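Read the structure below first, then the notes.
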Amino acid sequence: MATATGRVAPAPETAAARAFPPGFTWGTATAAYQIEGAAALDGRTPSIWDTYARTPGKVRNGDTGDIATDHYHRWREDVAIMADLGVSAYRFSLAWPRVQPTGRGPSLQKGLDFYRRLTDELLDRNIQPLATLYHWDLPQELEDAGGWPERATADRFAEYAGLAAEALGDRVRTWTTLNEPWCSAFLGYASGVHAPGRTDPVAALRAAHHLNLGHGKAVQALRSALPSDALVAITLNVHHVRPLTGNAQDADAARRIDALANRVFTGPLLHGEYPADLLRDTARLTDWSFVRDGDTEVIRQPLDFLGVNYYTPTVVSAATGDAGHNSDGHGKSAHSPWPGADNVAFHLPPGDTTAMGWAVDPSGLYDLLLRLGRDFPDLPLMITENGAAFDDYVSPEGEVRDPDRIAYMRGHLTAVHRAIEAGVDVRGYFLWSLLDNFEWGYGYSKRFGAVYVDYPTGKRIPKASAHWYSKVARTGTLDG
Ligand code: IFM
């Protein structure tokens with residue numbers, strides 16, 4: 001894996017091909033609840049996603065992660081697939097309720113053993129593990145005690161981070177704290193289309209702050225337990241927000257959504273303060289007195305890189321009255337995920353879409369990387385997720401041909417390469433996802449994998465895109 005210390009020199013390039021810098025990380029990504037299954041095995045307790053998925057009407061077709069792709073039993077086969085692909089890294093998440101079942105107290109040996117076996121196998125196959133501590137599976141007991149809107153959850157998270165680092169720090173060098181805290185806070189507590197399914201805008205803002213605080217405290221816990229050369233980061237689904245038109249009202253709508261989507265995190269994480277315009281926009285909901293003296297210093301910890309997840313741009317305009325917040329691609333709800341920004345409408349840009357209904361727009365990734373490079377010039381970037389769902393099927397010959405996914409990946413990797421050429425320090429790319437998996441509120445109806453999963457049998461079939469990505473990862477070059 002490329003280290004996040006010391007910028008790698010851009011590699012020479014021919015007219016026909018785009019060569020990525022030597023040492024660029026090529027990976028695939030997954031998350032625990034989406035692939036592991038074994039929901040009640042070896043002492044794992046329910047997370048908020050187990051509870052939510054079992055609530056009728058919450059997840060399409062009543063799907064749950066009880067079995068998922070059965071990775072908990074098939075992990076060796078899945079690592080072998082990655083080794084065949086030739087990727088250099090694997091981003092996965094630890095299931096908090098497997099490692100520390102009640103979210104308090106000692107860790108569970110059996111849960112940790114699973115991740116020890118997995119990471120040993122990865123290292124044996126020359127694949128560097130990147131562990132995410134939290135990809136949305138809060139132990140249900142902690143939600144019962146108030147969840148992320150409560151400050152104590154941040155302390156619980158730091159304790160869990162310390163336990164995980166003590167147990168796995170000898171083999172996992174690269175860690176991220178949270179995956180996409182925007183989804184945890186705003187889809188989980190405002191629009192309710194994610195677990196725990198609450199619809200309280202103030203709870204969502206409180207959750208955002210306590211996720212930030214939990215991150216800061218977890219970084220401190222990680223740094224004190226890990227070797228000094230460990231890399232520690234956070235992954236944000238940084239939204240690339242574009243105004244629909246050049247008029248001042250649309251520009252202001254974009255500013256408000258940018259504050260709620262991005263700067264509510266990057267403000268305290270990287271500048272040590274919440275943006276003044278965010279506090280103003282949300283003043284009628286809360287005075288933010290849940291932010292205590294000293295919190296923002298705790299949140300602003302030095303990071304080795306920023307994980308960036310990108311799928312599609314967010315196009316907005318000013319709207320009057322109740323806005324089109326259902327059309328922002330995150331699932332249908334009568335409640336907005338954007339506290340204090342109800343009068344904003346969301347628009348689908350013209351052109352192709354994926355099976356999620358998301359616009360295919362690599363220029364959004366390019367623009368986003370340039371902005372991040374400008375705003376945070378000293379912070380290396382890692383694309384920790386990018387990919388697309390399409391309606392894949394197995395042909396009579398037993399193959400899965402997915403040219404749309406290949407086109408999506410080619411377009412987005414070209415955007416990454418162009419950003420590197422323009423001087424942005426991008427260290428690697430993780431394809432979402434290794435396997436088809438449980439796509440949250442959409443259940444198993446959306447397939448994001450480079451590897452097709454036949455759910456009734458668990459059989460894995462690498463798609464054409466897996467073979468394509470394998471060639472790119474092995475050569476570090478995108479054909480012209
Ligand atoms: O499947 C999710 C993942 O868990 C987080 N980022 C976006 C992906 C696609 O929706």
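The values are calculated or read from the model by the stated rules, or taken from the named source; none is laboratory data. Not measured: the values here are computed from a predicted model. Note: ideal-geometry Cβ built from the backbone for every residue, glycine included; neighbour counts use all protein chains shown. In case anyone asks, the SASA skips ligands and DNA or RNA and just uses the protein heavy atoms, side chains included. Shrake-Rupley method; radii C 1.70, N 1.55, O 1.52, S 1.80 Å.
Structure data summary
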{"read-out": "Count of the stretch 364-413 residues which are of a type in the set (Lys, Arg) and either closer than 29 Å to LEU269 by Cβ or part of a strand (DSSP E or B) (or both)", "value": "2"}
{"read-out": "Residue match in the stretch 95-102 (condition: over 15 Å from ARG76 (Cα atoms) and within 16 Å of the ligand (Cβ to nearest atom))", "value": "yes"}
{"read-out": "Residue tally, condition open to solvent by 10 Å² or more (accessible area, probe 1.4 Å) and on the phi < 0 side of the Ramachandran plot, over the stretch 86-99", "value": "1"}
{"read-out": "Selection count, the stretch 412-466, where residues are in contact with a helix residue (DSSP H, G or I) (Cβ under 7 Å, 6 or more places away or on another chain), open to solvent by 10 Å² or more (accessible area, probe 1.4 Å) and among the hydrophobic types (A, V, I, L, M, F, W, C)", "value": "3"}
{"read-out": "Total residues in the stretch 122-134, condition part of a helix (DSSP H, G or I) and open to solvent by less than 30 Å² (accessible area, probe 1.4 Å)", "value": "1"}
{"read-out": "Per-region count, the stretch 280-311, residues away from the ligand (no atom under 16 Å from the Cβ) and either open to solvent by 30 Å² or more (accessible area, probe 1.4 Å) or part of a loop (DSSP other than H, G, I, E, B) (or both)", "value": "22"}
{"read-out": "Residue list for the stretch 336-345, filter: at pLDDT 95 or above and either within 16 Å of the ligand (Cβ to nearest atom) or surrounded by fewer than 18 Cβ atoms within 10 Å (Cβ to Cβ) (or both)", "value": "PRO337"}
{"read-out": "Selection within the stretch 349-360 - in a loop (DSSP other than H, G, I, E, B) and open to solvent by less than 30 Å² (accessible area, probe 1.4 Å)", "value": "PRO349, THR354, ALA355, MET356"}
{"read-out": "Failed criterion for PHE157 (all others in (1) free of Cβ contacts under 8 Å to residues at least 12 places away in the same chain; (2) within 19 Å of the chain's Cα centre (by Cα) hold)", "value": "(1)"}
{"read-out": "Residue in the stretch 248-260 that is more than 14 Å from VAL344 (Cβ to Cβ) and either within 26 Å of the chain's Cα centre (by Cα) or open to solvent by less than 60 Å² (accessible area, probe 1.4 Å) (or both) present", "value": "no"}
{"read-out": "Flag for ALA185 being among the hydrophobic types (A, V, I, L, M, F, W, C), closer than 19 Å to PRO339 by Cβ and either within 16 Å of the ligand (Cβ to nearest atom) or touching a Cys at 6+ places or on another chain (Cβ under 6 Å) (or both)", "value": "yes"}
{"read-out": "So ALA253, is it touching a Ser or Thr at 6+ places or on another chain (Cβ under 7 Å) and under 30 Å from GLU166 (Cα atoms)", "value": "no"}
{"read-out": "In the stretch 414-473, the residues that are in a loop (DSSP other than H, G, I, E, B), in contact with a strand residue (DSSP E or B) (Cβ under 8 Å, 6 or more places away or on another chain) and more than 16 Å from the ligand (Cβ to nearest atom)", "value": "VAL424, ASP425, LYS463"}
{"read-out": "Condition broken by GLY192, with the remaining ones in (1) part of a loop (DSSP other than H, G, I, E, B); (2) within 27 Å of ASP155 (Cβ to Cβ); (3) over 24 Å from the mean Cα position of the chain (by Cα) satisfied", "value": "(3)"}
{"read-out": "Single match in ASP155, ASP170, ASP137 (criterion: surrounded by fewer than 23 Cβ atoms within 10 Å (Cβ to Cβ), at pLDDT 95 or above, outside any helix (DSSP H, G or I) and out of contact with any His (no Cβ under 6 Å at 6 or more places or on another chain))", "value": "ASP170"}
{"read-out": "Residue pairs meeting the criteria (Cβ under 9 Å; at least 6 apart or on separate chains; first more than 24 Å from TYR310 (Cα to Cα), in the stretch 448-463; second modelled with pLDDT of 95 or more and polar (S, T, N, Q))", "value": "TYR455/THR69; GLY458/THR69; ARG460/THR69"}
{"read-out": "Pairs where the first residue, in the stretch 397-425, is touching a residue at least 40 places away in the same chain (Cβ under 8 Å) and the second is small (Gly, Ala, Ser) and open to solvent by less than 30 Å² (accessible area, probe 1.4 Å), C-beta under 6 Å, 6+ apart", "value": "ASP402/SER465; ARG405/ALA388; ARG405/SER465; ILE406/SER465; TYR408/ALA388; VAL424/GLY373"}
{"read-out": "Pairs where the first residue, in the stretch 30-56, is more than 27 Å from ALA450 (Cβ to Cβ) and of a type in the set (Val, Ile, Thr) and the second is part of a helix (DSSP H, G or I) and modelled with pLDDT of 95 or more, C-beta under 6 Å, 6+ apart", "value": "THR45/PRO97; ILE48/GLN140; ILE48/GLU143; THR51/GLN140"}
{"read-out": "Whichever residue in the stretch 210-247 is more than 16 Å from the ligand (Cβ to nearest atom) and β-branched (Val, Ile, Thr) and, among such residues, is surrounded by the fewest Cβ atoms within 10 Å (Cβ to Cβ)", "value": "THR245"}
